[in-house]
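Each reported figure results from applying straightforward, stated rules to the coordinates on display, with no laboratory input. Bear in mind the structure is a predicted one, so any value in this text is a computation, not a measurement. Here Cβ is always computed from backbone atoms with ideal geometry, including for glycine, and neighbour counts include all displayed protein chains.
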Amino acid sequence: MGSSRALAEAYRRFAEDDGVASPLSGRVAIAVSRSSAALRAVETAPARRRRPAMVLAALHALALAGRAPALAEAYAAGDGDAAASAAVETLTAMADAVVAIVTSRQLRAEETGRATVLYPAIAHAAHRAGANAIGLIDVGCSAGLNLTVDRVGLTYGNGQTLGNLASPVQRSASIVGDRPLPALALPEVVARVGIDRNPVDVTDPDDARWLRACVAPDRREQLERLDAEVSLARSEPPVLLQGAPASMLPNAIARVPAHAVPVITSTWALSRLPLEDRRLFLDSLEEAAGDRPVAWVSAEGVGVAPTIPTLGDRPASGHSIIGLATFDRAGRHSEALGRCWSKGRLLSWFAAS
């Protein structure tokens with residue numbers, strides 16, 4: 001009984017926290033919290049897989065796959081009452097299917113929009129290295145959507161534009177401060193490689209469906225952005241390597257042609273790694289630089305990315321540091337290029353061009 005009460009409370013809290021952004025998700029979470037049958041169904045999943053966001057994503061996946069037509073219809077209509085009722089019915093009738101999904105999948109955070117930070121930072125890194133061509137390697141890539149950074153259009157609050165303004169994927173960000181972003185174009189990208197413990201293949205219909213399922217069904221604009229980025233990634237799919245970043249980096253770097261500079265990117269990925277694994281990641285970068293120059297562009301919380309200056313900022317301060325570390329035979333050079341907030345929706349640049 002105590003376990004059921006705690007689970008019901010978790011779903012109520014989820015509804016309070018996420019209900020403003022997604023009223024449909026809030027209504028479904030409340031309905032689950034009030035249904036003893038639904039809670040019993042959730043309890044058949046492993047303890048770590050009972051989180052509201054995970055179970056709601058599984059329900060959304062069943063609706064997208066056509067396996068829960070009443071729920072799909074309610075979601076499409078934006079009918080909260082119908083969605084709440086259909087979700088409870090689906091969960092109780094298809095508990096095994098829900099459990100199968102939550103135990104085999106990882107919840108995916110929104111990847112869209114990170115190009116606003118990555119594009120100027122990668123362009124700065126390539127310019128510093130004198131690169132005419134680069135190979136992109138994204139750590140914690142999930143579906144590899146960051147690897148399309150050179151093919152999107154970007155508009156900033158100070159009037160600057162970067163990238164391809166004719167691209168079907170357009171992103172924007174606000175700017176804090178007076179210093180402009182570097183007005184540099186990215187060199188030719190000759191390799192796109194993603195590293196993730198559980199990568200998502202955008203060319204696989206089930207994987208692509210799961211990405212959509214992780215977005216609340218009434219977040220229409222977010223779903224449209226995701227669809228556009230998935231379509232762009234499908235047109236030139238990345239190589240996906242499964243494993244830990246430190247162990248997979250040599251393989252990934254070897255896939256970048258010799259005439260190109262490997263540029264590794266990490267965006268809010270290293271915080272998921274223990275401190276020792278972050279140090280191993282840095283060691284792998286330094287070892288790779290014994291044979292060729294390597295650059296690492298990061299957007300991580302304050303103090304998360306090894307060797308990137310924190311500028312005296314406090315950890316968990318609500319913003320992230322945009323960092324660059326370059327490695328070559330002369331050694332390592334690390335600098336902070338700027339700060340960003342809200343996963344790239346707001347940024348401040350202060351590195352000299």
Per-residue Cβ neighbour rank within 10 angstrom, fewest leading, Val256, Val117: Val256, Val117
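Which trypsin sites (Lys or Arg not before Pro) does the range 304-353 hold that lie in a coil by DSSP with at most 12 other beta carbons within 10 Å?
Answer by residue number: Arg329.
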Might you report the magnitude of the Cβ-based charge dipole of the chain about its Cα centre, with Lys and Arg at +1 and Asp and Glu at -1, to the nearest 20 debye? 480
Can you give the FRET efficiency for Arg5 and Ala53, using 1/(1 + (r/R0)^6), R0 = 22 Å, r = Cβ-Cβ distance, to the nearest 0.05? 0.65
Short version: ³J(HN,Hα) in whole Hz for each residue of the range 138-148, in order, from phi by Karplus 6.51 cos²θ - 1.76 cosθ + 1.60 (θ = phi - 60°), x for Gly and Pro, what are they? 9, 8, x, 5, 6, 9, x, 5, 5, 7, 9
Once amide hydrogens are built 1.01 Å from N within the peptide plane, the residues lying 5 or more places from Ile322 or on another chain with amide H under 5 Å from its amide H are Leu337, Gly338, Arg339, Cys340
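Between Arg40 and Leu165, what length in nm is gained on full extension when 0.36 nm per residue of separation is reduced by their alpha carbon distance?
The Arg40-Leu165 span can extend by a further 39.9 nm.
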Computed FRET efficiency, Cβ-Cβ of Arg179 and Arg279, R0 35 Å: what is it to the nearest 0.05? 0.65
Pulled fully out, how much extra length does the chain show between Ser104 and Ala65, if you take 0.36 nm times their separation in residues and subtract their Cα-Cα distance? 12.4 nm
How large is ³J(HN,Hα), in whole Hz, for each residue of the range 288-302 in order, when computed from phi with the Karplus curve 6.51 cos²θ - 1.76 cosθ + 1.60 and θ = phi - 60°, using x for Gly and Pro? 5, 6, x, 10, 7, x, 9, 10, 10, 9, 10, 10, 9, x, 4
Cα centroid separation, the range 303-327 to the range 205-257 (Å): 25
Taking the Cβ of each residue in Tyr75, Tyr156 as the centre, tally the other Cβ atoms inside 10 Å and list the residues starting with the fewest. Tyr156, Tyr75
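Report the extension gain between Ser247 and Ser235 in nm, rounded to one decimal, defined as 0.36 nm multiplied by the number of residues separating them, less their alpha carbon distance.
1.5 nm
With 10 angstrom as the radius, rank Trp210, Trp341 by how many other C-beta atoms surround their C-beta, starting from the fewest.
Placing the least packed residue first, the sequence is Trp341, Trp210.
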Rounded to one decimal in nm, the spacing of the 7 Å Cα→Cβ label points at His127 and Arg329 is 2.7
Do the sum for the chain: with -39,500 (n - 2.57) for every DSSP H run of n ≥ 4, divided by all residues, what is the mean residue ellipticity at 222 nm, to the nearest 500 deg cm²/dmol? -13000 deg cm²/dmol
